[in-house]
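This report refers to the structure that appears directly beneath it.
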Amino acid sequence: MQFSLQEYKEWFSNNENNIKEMFSDFLTFPSISTDLAYREHCLKTATWLEETLRKTGMTVEQMPSSGLPVVFGEHIPTMAAHSLLIYNHYDVQPVDPLEEWATPPFESTWRDEVVYARGASDNKGQCLITIIALWALLCLEPDLPLRIKFFIEGEEESGSKGTLEVLEREAKRFQADYLCVLDFDMASLGHPALVLGYRGLIAMEIECKTAETDLHSGVYGGIAINPLQVLSHALSACTDSQGHVVIPGFYEGMTELSQEEERRVDFSVDVHAYKQEHGLLAIYQEEELVKRGWIYPTFEINGLIGGYTGDGFKTVIPAKARAKVSCRLVPGQDPHKVQEKVEAFLQTKMPQGVVLSIKPLKGAPSLRVNTESALLSIVLRCLEETFGVPCCYTFCGGSVPVVSTLAAVVKGDVALFGFALSTDNIHAPNEHMHWSSIKQGFLAMTRLLWQIAHS
């Protein structure tokens, strides 16, 4: 029995208008999980997914948590030699700064076969690919001999606290032979990639307090310690001029790449083209640019807040300053220990009397996949056969917080891949996704699911 690529191309063509309409509906939901004001919109998104998945023929339910629900679908055939769990997420990042969007972020806008909207690429477009692949397969082969479990969380962008509760409570239901995570990029348009691992993450909110109330800078200037200056000095002391972290013990335990990983991955890059493609005006040292973005740890200030920032001017010394900080971590680094080292170092930079408080926001370890697994071989073959070009190997500098735990629960081989592009403006204004990526992703996923089912 052979996979008929032409049959699925025709199915996609016959249903293309319906697929575009489905995608547009999906993108209208402002499913921002980090902001409680959008909770009801997130819940409506979960309900939409439940209803949409049920139309494919799957058994579907929402698994509640203290946060947002997991939408869980299952295809249980008469007979199946293998089981597969697929991961996607339905929540999206906030849209700020809104004024930089060319079109409304929660209205799908099509220009030159590219759709613009928040979540188009991360992760609703990739989730759509999974949905329509399942729809097509179960339409053409209703008793597909593969036990499929579809796990769609709603808290990937906010730390997955509720999702982790669901994983602990329902662990046995998620066990499978294989785990596929569709939340990553291709190497370039039309050129697929297998991701061999991603960095872990800790994030925290830091507050520095120096007074009970804001103060007049003319009366108290030179007397009162300014929390913005204290906090900015403390944070800048965490790295050197080249971005290397100087917090004692920060790099402790980190492991190097294996010879096999070094062999598979091409770390070369055209620095000038890279800067132009990503709109970068300045970078740290050019040496090992790709490794710095994929496999080295980082310390980043993501936001600094305090004092008066409105129009005009206000001569004030603020009572408090706040910062949002994150660290990307690599194998061997323990998120909890790194958090402790960051806190201890910042405390040493506080003048007497200054109150520093740190609130952990989220944390997750890094993940590396088994490069010799049977699943990776199948995914590699299906991607190369669909796209007609060799598949490359990459790493991801970002994080998918819950997947390390999910992989431990599934207990099967793991494959990390996706059909987005690094130039899709993920987490930024004017996020978008190419329709050709949707179509090729659909064909690759149908081929992959069919191949696993019939192997």
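Each value in this text was obtained by applying a stated rule to the coordinates, not by laboratory testing. Since the model is a prediction, treat every value here as computed from it, not as a measurement. Ideal geometry is used to build each Cβ from the backbone, glycine not excepted, and the neighbour counts take in all protein chains shown.
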Apply the a/c threshold of 1.5 to the C-alpha gyration tensor of the stretch 410-453 and tell me whether it is rounded, prolate or oblate. oblate
At a 10 Å Cβ-Cβ cut-off, how would you order 169, 322, fewest neighbours first? 169, 322
If you find the alpha carbon centre of the stretch 2-18 and of the stretch 106-178, how far apart are they in angstrom? 20 Å
With charges only on Cβ, +1 for K and R and -1 for D and E, what is the dipole size of the chain about its Cα centre, in debye, rounded to 20? 760 debye
Among 380, 433, 397, flag the residue with its Cα farthest along the positive direction of the charge dipole of the stretch 344-455, charges on Cβ as +1 for Lys/Arg and -1 for Asp/Glu. 397
Once you list every other residue whose beta carbon is under 14 Å from the beta carbon of residue 5, what net charge do they have if Lys and Arg are +1 and Asp and Glu are -1? 0
Normalised contact order of the stretch 157-252, rounded percent, pairs of Cα under 8 Å and 6 or more residues apart: 12 percent
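Test of the criteria: in the stretch 125-173, which GluC sites (Glu not before Pro) are in a DSSP loop and have at most 15 other Cβ atoms within 10 angstrom of their Cβ?
On the way: sites: 153, 155, 156, 157, 165, 168, 170; in loops: 155, 170.
Hits after loop and neighbour filter: 170.
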Decide, for the stretch 249-343, between rounded, prolate and oblate: order the square roots of the alpha carbon gyration tensor eigenvalues as a ≥ b ≥ c, take rounded if a/c falls under 1.5, and otherwise choose prolate if a/b is larger than b/c, else oblate. oblate
State, to one decimal in nm², a quarter of the convex hull surface area for the C-alpha atoms of the stretch 196-290, i.e. the direction-averaged projected area. 10.3 nm²
Tell me the Kirkwood radius of the chain: reciprocal of the mean inverse pair distance over distinct alpha-carbon atoms, in Å. 23.5 Å
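Let me know the charge dipole size of the stretch 338-455 about its Cα centre in debye, to the nearest 20, where only the beta-carbon of Lys, Arg (+1) and Asp, Glu (-1) is charged.
240 debye
Could you tell me whether the stretch 1-84 comes out rounded, prolate or oblate from its Cα gyration tensor? Rule is a ≥ b ≥ c as square roots of the eigenvalues, rounded for a/c under 1.5, then prolate if a/b exceeds b/c, otherwise oblate.
On the way: a/c = 3.15, a/b = 1.48, b/c = 2.13.
It is oblate, given that a/c is not under 1.5 and a/b is not larger than b/c.
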Percent RCO, i.e. relative contact order, over the stretch 285-377, from Cα pairs under 8 Å lying at least 6 residues apart: 25 percent
The stretch 368-455, convex hull of Cα, quarter of hull surface, nm² -> 6.8 nm²
If the cut-off is 28 Å between C-alpha atoms, which lysines fall inside it for residue 44, apart from same-chain ones fewer than 8 positions away? 20, 55, 124, 149, 161, 172, 362, 439
For every helix of n ≥ 4 consecutive DSSP H residues, a contribution of -39,500 (n - 2.57) applies; sum these over the chain, divide by its total residues, and give [θ] at 222 nm rounded to the nearest 500 deg cm²/dmol. -10500 deg cm²/dmol
Unit charges at the beta carbon, dipole of the stretch 202-274: most positive-side option, 241, 206, 231: 231
The chain, relative contact order [Cα under 8 Å, separation at least 6], %: 27 percent
I'd like the distance between the alpha-carbon centres of the stretch 401-455 and the stretch 59-105, rounded to an integer number of Å. 12 Å
With labels modelled as points extended 7 Å from the Cα through the Cβ direction, what inter-label distance (nm, one decimal) is found for residue 263 paired with residue 455? 2.1 nm
With +1 on the Cβ of every Lys and Arg and -1 on the Cβ of every Asp and Glu, and nothing else charged, how large is the dipole of the stretch 208-290 about its Cα centre, in debye rounded to the nearest 20? 500 debye
